[in-house]
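Trainee: Pasting a structure here, questions to come.
The values are calculated or read from the model by the stated rules, or taken from the named source; none is laboratory data. All of these numbers come straight from a predicted model, not from anything done at the bench. Here the Cβ positions follow ideal geometry from the backbone for every residue, glycine too, while neighbour counts run over all protein chains shown.
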There are 2 protein chains.
Amino acid sequence: MTASQAIKNRTSYRGNFKNTAIPREDLIKIMEAGLAAPSGCNTQTTSLIAVDDAELLQKLYELTELETVKTAPAMICVLTQEIIAYRDRSFFVQDYSAAIQNMLLAIVELGYQSCWYEGQITDVDRIGRKMADILEVPEDYELVCFLPVGIAAEGLNYVEKKPFEARAWFNGFKRR
Amino acid sequence: MTASQAIKNRTSYRGNFKNTAIPREDLIKIMEAGLAAPSGCNTQTTSLIAVDDAELLQKLYELTELETVKTAPAMICVLTQEIIAYRDRSFFVQDYSAAIQNMLLAIVELGYQSCWYEGQITDVDRIGRKMADILEVPEDYELVCFLPVGIAAEGLNYVEKKPFEARAWFNGFKRR
């Protein structure tokens with residue numbers, strides 16, 4: 001699958017997954033794609049934990065209460081550290097976002113589906129921290145996102161987006 | 001080029017570019033890749049301006065003083081709006097970062113090189129705002145990043161990264 005095809009085919013999948021295990025080599029490929037993303041001043045602020053242990057997945061499901069997690073045969077948890085790139089500036093949000101996007105594309109390329117779950121676990125109830133505790137992640141890392149990984153058991157939906165002309169221009173604001 | 005190949009081949013290119021114009025259809029493909037990225041609650045906070053006008057490029061070069069910009073036959077400027085996804089939360093940084101990563105991959109797939117320039121224009125001297133003024137971008141948009149686009153005239157360099165084992169684990173922190 002070409003990069004453009006993966007980019008076009010990717011969508012946020014929130015349905016159930018087939019009961020098919022994900023080979024470790026695929027989880028490695030997905031994580032390698034994530035780690036290949038750039039980071040501000042090469043600070044490499046993003047780390048990853050793939051979860052494919054059924055008992056752990058069940059515990060994480062109980063925290064998130066998301067049906068999609070219940071059936072996912074694996075998930076990838078995204079950890080970040082607010083490492084300073086220079087002076088007082090860190091680009092950790094940009095770093096993990098680029099890593100997540102790479103992983104979403106690798107997931108699609110390998111025939112799986114996923115969804116970027118972030119707001120659900122970084123809210124005031126701090127579900128991400130509870131997930132991190134289950135995975136024995138120390139306090140200086142934040143678990144900001146997880147990606148379920150599996151074969152879709154249901155159809156895909158694509159959200160409607162504004163037309164190209166409403167968001168992309170040439171040589172000036174709203175110019176063609 | 002497969003998605004994984006584009007992900008592996010992508011690197012931050014800061015050298016000079018060949019004096020070869022970028023066809024509009026390629027700039028469109030790159031921007032389409034950017035706009036295909038997900039956004040928090042589909043808020044579509046990212047907009048793009050491709051610049052291929054020589055006079056404008058020269059003005060932008062004078063602002064950034066980056067040699068790579070001097071020779072780039074085109075660049076894509078990334079605009080963002082801090083649109084609320086829900087309650088008080090906006091995911092605009094995540095949104096534009098995912099869009100940038102998609103564009104970097106599309107650029108590589110098309111045979112060009114680029115680099116994510118953000119810190120250089122979002123610092124206290126607010127170069128991004130000055131660039132936005134040249135492009136007649138209203139104040140409610142922030143110009144946070146630009147991507148030069150061109151054919152590399154020099155060799156590529158790949159930064160050294162920590163080994164996989166230092167950043168990616170299974171079923172627990174630093175577990176294998």
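Trainee: Residues of segment B:122-132 being surrounded by 13 or more Cβ atoms within 10 Å (Cβ to Cβ) and either in contact with a Ser or Thr (Cβ under 8 Å, 6 or more places away or on another chain) or over 22 Å from A:Ala166 (Cβ atoms) (or both), which ones? Show your work before the answer.
Mentor: So the first thing to find is which residues in segment B:122-132 are surrounded by 13 or more Cβ atoms within 10 Å (Cβ to Cβ), and the list is B:122-123, B:126-132.
Of everything in segment B:122-132, those that are surrounded by 13 or more Cβ atoms within 10 Å (Cβ to Cβ) and either in contact with a Ser or Thr (Cβ under 8 Å, 6 or more places away or on another chain) or over 22 Å from A:Ala166 (Cβ atoms) (or both) turn out to be B:Thr122, B:Asp123, B:Arg126, B:Ile127, B:Gly128, B:Arg129, B:Lys130, B:Met131.
Trainee: Just give me the residues in segment B:123-144 being at the interface with chain A (Cβ under 9 Å from one of its Cβ atoms) and within 21 Å of A:Arg87 (Cβ to Cβ), in sequence order.
Mentor: So in segment B:123-144, the residues at the interface with chain A (Cβ under 9 Å from one of its Cβ atoms) come out as B:123, B:132, B:134-138, B:141.
B:Asp123 - this is the single residue of segment B:123-144 that is at the interface with chain A (Cβ under 9 Å from one of its Cβ atoms) and within 21 Å of A:Arg87 (Cβ to Cβ).
Trainee: Could you say whether any residue in segment A:145-168 is modelled with pLDDT of 95 or more, over 16 Å from A:Val69 (Cβ atoms), surrounded by 13 or more Cβ atoms within 10 Å (Cβ to Cβ) and of a type in the set (Asp, Glu)?
Mentor: Within segment A:145-168, none of the residues are modelled with pLDDT of 95 or more, over 16 Å from A:Val69 (Cβ atoms), surrounded by 13 or more Cβ atoms within 10 Å (Cβ to Cβ) and of a type in the set (Asp, Glu).
Trainee: In segment B:77-118, how many residues are more than 8 Å from chain A (Cβ to nearest Cβ), of a type in the set (Val, Ile, Thr) and surrounded by 24 or more Cβ atoms within 10 Å (Cβ to Cβ)?
Mentor: Number satisfying all stated conditions: 2.
Trainee: When segment A:2-28 is examined, which residues are found to be charged (D, E, K, R) and either more than 27 Å from B:Leu35 (Cβ to Cβ) or within 14 Å of the chain's Cα centre (by Cα) (or both)?
Mentor: Kept after step one, since they are charged (D, E, K, R), are these residues of segment A:2-28: A:8, A:10, A:14, A:18, A:24-26.
Those that are charged (D, E, K, R) and either more than 27 Å from B:Leu35 (Cβ to Cβ) or within 14 Å of the chain's Cα centre (by Cα) (or both): A:Arg10, A:Arg14, A:Lys18, A:Arg24, A:Glu25, A:Asp26.
Trainee: Do the conditions hold for B:Gly40, that is, is it modelled with pLDDT of 95 or more, under 20 Å from B:Gly119 (Cα atoms) and either touching a helix residue (DSSP H, G or I) at 6+ places or on another chain (Cβ under 8 Å) or surrounded by 18 or more Cβ atoms within 10 Å (Cβ to Cβ) (or both)? Before you say what the answer is, go through the steps one by one.
Mentor: Working: modelled with pLDDT of 95 or more: yes; under 20 Å from B:Gly119 (Cα atoms): no; either touching a helix residue (DSSP H, G or I) at 6+ places or on another chain (Cβ under 8 Å) or surrounded by 18 or more Cβ atoms within 10 Å (Cβ to Cβ) (or both): yes.
For B:Gly40, the condition - modelled with pLDDT of 95 or more, under 20 Å from B:Gly119 (Cα atoms) and either touching a helix residue (DSSP H, G or I) at 6+ places or on another chain (Cβ under 8 Å) or surrounded by 18 or more Cβ atoms within 10 Å (Cβ to Cβ) (or both) - is not met.
Trainee: Further question: Please state which one of A:Thr68, A:Thr122 is modelled with pLDDT of 95 or more and hydroxyl-bearing (Ser, Thr, Tyr). Don't jump to the end; show me each part of the working.
Mentor: Values: A:Thr68 fails: modelled with pLDDT of 95 or more.
Residue meeting the stated conditions: A:Thr122.
Trainee: Looking only at segment B:113-144, which residues are touching a Phe, Trp or Tyr at 6+ places or on another chain (Cβ under 6 Å), over 18 Å from A:Trp169 (Cβ atoms) and either part of a loop (DSSP other than H, G, I, E, B) or not polar (S, T, N, Q) (or both)?
Mentor: Residues satisfying the conditions are B:Cys115, B:Tyr117.
Trainee: Next question. In this structure, is B:Tyr158 under 21 Å from A:Ala33 (Cβ atoms) and either within 18 Å of the chain's Cα centre (by Cα) or of a type in the set (Lys, Arg) (or both)?
Mentor: yes
Trainee: Does segment B:56-65 contain at least one residue that is crowded, with 16+ Cβ neighbours inside 10 Å, closer than 23 Å to B:Tyr112 by Cβ and at the interface with chain A (Cβ under 10 Å from one of its Cβ atoms)?
Mentor: Yes, segment B:56-65 contains a residue that is crowded, with 16+ Cβ neighbours inside 10 Å, closer than 23 Å to B:Tyr112 by Cβ and at the interface with chain A (Cβ under 10 Å from one of its Cβ atoms).
Trainee: Among (1) out of contact with any helix residue (DSSP H, G or I) (no Cβ under 9 Å at 6 or more places or on another chain); (2) under 18 Å from B:Val78 (Cα atoms), which single condition is B:Ala152 missing?
Mentor: (2)
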